[in-house]
1. Could you tell me the accessible area of LEU34 in Å² (1.4 Å probe, neighbours in place), rounded to the nearest ten?
2. Determine the calculated [θ] at 222 nm for the chain from helices alone, applying -39500 (n - 2.57) to every DSSP H run no shorter than 4 residues and normalising by the residue count; nearest 500 deg cm²/dmol.
3. Quick one: grab Rg to one decimal and Dmax as a whole number for segment 20-130, Cα atoms only, in Å.
4. So for the pair ALA64, ILE200, with labels modelled 7 Å out along Cα→Cβ, what separation do we get in nm?
5. Could you compute Rg(Cα) / (2.2 N^0.38 Å) for the chain, with N its residue count?
6. Please report, as a whole percent, how much of the solvent-accessible surface of segment 2-199 comes from carbon and sulfur atoms (probe radius 1.4 Å).
7. Modelling each spin label as a point 7 Å along the Cα-to-Cβ direction, I'd like the PHE162/LYS86 distance in nm, to one decimal.
8. What is the total of Lys pairs in segment 107-200 with C-alpha atoms under 14 Å apart, excluding same-chain pairs fewer than 8 positions apart?
Amino acid sequence: MEKEKNKTFMHKFEALEKLYKKYKNCQNCPLAKLGRKNIVFGEGNPNAKLIIVGEGPGEKEDAACKPFIGKSGQLLTKILEQTGLKREDVFITNTVKCRPPKNRNPKTEEIESCTKLLLLKQIDIIEPKVICTLGAIPARVFLGKKVNNLPIKITAIRGQIFKCGNLTIIPTYHPAYILRNNKELQNFTSDIILAKNFSI
Ligand code: URA
């Protein structure tokens, strides 16, 4: 049984490596020519049952080639740890893998290109149970522009459970929002706990 598990892990690890190598110099969307230093592919457990998806890398992430290592990443890591999860237990990535200039929001064509070439393939390889989306941009990737006929608003949909094929999608706030609105910290934490519990 343990051997079988390791085989799955290695298989997924290698498939992720192959995907990364294929796109590490990706030129498929305008972000390639807008000052990115690196593709921030994502990191964590190739066999994770929970994938956390943010918007796009910031300056620190771009330089270090790692997702969520700046201020909002430190908050995310702290909350994961409080809920009993290490970063290595989950897989952390973003809707777009290249830093948008001056940290602007990624544009629709950038999101569409990058999710098709990378995010959806990462999900296919990892086969998680749950995707926890941070902020409105990744929520829209999985839920569309509207929920219950209303444009997506994170305050309205956070902490709810959505089904998308075999996946459970749990949207929550972006940690950068929590840094500005500390009163939502408790809700953010309980959304992460919910995502953890659904992924077990
Ligand atoms: N914000 C994001 O959405 N992703 C990161 O990797 C860092 C900050």
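The values are calculated or read from the model by the stated rules, or taken from the named source; none is laboratory data. Since we're looking at a predicted model, the values are computed, not measured. Ideal geometry is used to build each Cβ from the backbone, glycine not excepted, and the neighbour counts take in all protein chains shown. For the accessible areas, the whole protein counts, side chains as well, though only heavy atoms, and no ligand, DNA or RNA atoms are used. Shrake-Rupley method; radii C 1.70, N 1.55, O 1.52, S 1.80 Å.
1. Here the residue's solvent-accessible area equals roughly 80 Å².
2. Per the formula, -12500 deg cm²/dmol.
3. Using the Cα atoms of segment 20-130, the pair Rg, Dmax is 13.4, 40 Å.
4. It works out to 3.0 nm between the two label points.
5. Values: Rg = 16.0 Å, N = 200, 2.2 N^0.38 = 16.5 Å.
Output field value: 0.97.
6. Working: 5290 of 10350 Å².
Result for segment 2-199: 51 percent of the exposed heavy-atom area is carbon or sulfur.
7. Placing both labels 7 Å beyond Cα along the Cβ direction yields 3.2 nm.
8. Details: LYS107/LYS145; LYS129/LYS163; LYS129/LYS196; LYS145/LYS153.
Step by step, the pairs that qualify in segment 107-200 add up to 4.
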